[in-house]
1. Roughly how big is the chain's charge dipole about its Cα centre, with Cβ charges of +1 (Lys, Arg) and -1 (Asp, Glu), in debye to the nearest 20?
2. So what's the angle, to the nearest 10 degrees on a 0 to 90 scale, between helix 133-161 and the longest Cα principal axis of the chain?
3. So for the pair ASN291, LEU340, with labels modelled 7 Å out along Cα→Cβ, what separation do we get in nm?
4. Which FRET efficiency, nearest 0.05, do TYR120 and ARG314 yield, Cβ-Cβ r, R0 35 Å?
5. Please give the contour-minus-distance gain from PHE347 to LEU218: 0.36 nm per residue of separation, less the Cα-Cα distance, rounded to one decimal in nm.
6. Can you work out the FRET efficiency for the pair ASP253 and ARG128, with r the C-beta to C-beta distance and R0 = 41 Å, to the nearest 0.05?
7. Any idea which of ASN13, GLY203, LEU254 is furthest toward the positive side of the dipole for the chain, if Lys and Arg beta-carbons carry +1 and Asp and Glu beta-carbons -1?
8. Sort 308-318, 338-348, 221-231, 79-89 by the packing proxy (mean of other Cβ within 10 Å over each peptide's residues), most packed first.
Amino acid sequence: MIQPSLIPTLDPNPLPAPYWLFKLLLLVTFVLHIVAMNFMLGAGVLALGARWGFKKRDTGNRVFFDLAKKLPVLLPAAITLGIAPLLFVQVLYGQFFYTSSVLMAWPWFLVLVFLTAAYYGFYYVSYRGARNPGKAGGVMLFSVILVSLIGFIYSNNITLSQTPSRWAAKYFANPSGWNLNLAEPTLIPRFLHFVVAAVAVGGLFLVFMALANWKRDLAYARQLLQLGGKTFLYATMAQFVVGVAFLFGLPRDLRMVFLGDNPLATALLLVGVAGALAAILLMSAALRTDNIRVAALYVPAILAAVIAAMAVMRDILRDAYLKPYFNPGQFATTTQWAVLPLFLVLFLAGVALWLIMLKRYGLLGAAKPAPDRSAVLSGSR
């Protein structure tokens, strides 16, 4: 533990709404962001797999460009939906998050650079990749790597913000702002936990595309179902290994929070494990019978519950890390009743509008063939 004087003082401005409401909004917006982010990163990884992993080049290219057309929409969706939870983290945990951001200032600044370059790469593949099929895979790989690096930087920042005992040593060893939290034993498992989850959710994205194309192109839809469903199965199975590594990488007192010391955390862990097993069994049965309804409706419903449980577990873990330094009772609250209802209404309306836009945009439908489609299908990988 470090001296309390080394922790920045709490922002004296009172919260404009009750603490519990900010907590709830943090969890809800984080779940929305993580779903969009998983769709985006998972779609990028699967696009690369289709580009270089399919024996049938024409099918692989079709899946690649169908996914590529979605990425310029999925990336800004992940960014937009990530703004709110980031703001709520700064409101509630600003004294920790700002400090860790300063300690790793340059990697944190590079997030914007990587994000801009990845965005441009996705646009290039989506709108010009068909004209230069030989370059499309390389550009996609470049963008996916940059997005993954952003996730790695975020994992460093979050873990560093939760371990104030390391701040002084890191700063005095390297005050230049190039610090990462590489000595943290849970860093790699935490990062892989999100990456593997993104691949699994990306598999579900292909299943949704199969549902959208089921009546228009049954043969292609079945290919999407099999590819997406199997990806979901294998990634979810791998998640058990990553999850165990993450859990046992935690200090014993924090690990025991999920192994009996905290009934809510333990129950949520059991919900997550049981939900993942149920999703695996349902998806496996759906693939054997080509049951698109089960794969595209029931499995995602279970996965949504698992993601929500994991989000709450993540929040419980953060509070357990910061328990020696953080007390919610320190916050002063002056509820702005004239503004709060308007904010909640606009928030719900914004989420609804976003869903309507996705539906009208036809995000899950097949991409229209490019004018020079034959050149694409016969092009070099």
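1. Values: 30 positive and 11 negative charges, 300 e Å.
For the chain, the charge dipole is close to 1440 debye.
2. The two axes meet at around 20 degrees.
3. Placing both labels 7 Å along Cα→Cβ, they lie 4.5 nm apart.
4. Details: r = 31 Å, r/R0 = 0.89.
Once the sixth-power term is evaluated, E becomes 0.65.
5. Working: separation 129, 0.36 × 129 = 46.44 nm, distance 3.81 nm.
Contour length minus the Cα-Cα distance gives 42.6 nm.
6. Details: r = 53 Å, r/R0 = 1.30.
Once rounded, the FRET efficiency stands at 0.15.
7. GLY203
8. Details: 308-318: 18.8, 338-348: 11.1, 221-231: 21.5, 79-89: 16.9.
With the highest mean Cβ count within 10 Å placed first, the list reads 221-231, 308-318, 79-89, 338-348.
Each reported figure results from applying straightforward, stated rules to the coordinates on display, with no laboratory input. Keep in mind it's a predicted model, so treat the numbers as computed, not measured. Ideal geometry is used to build each Cβ from the backbone, glycine not excepted, and the neighbour counts take in all protein chains shown.
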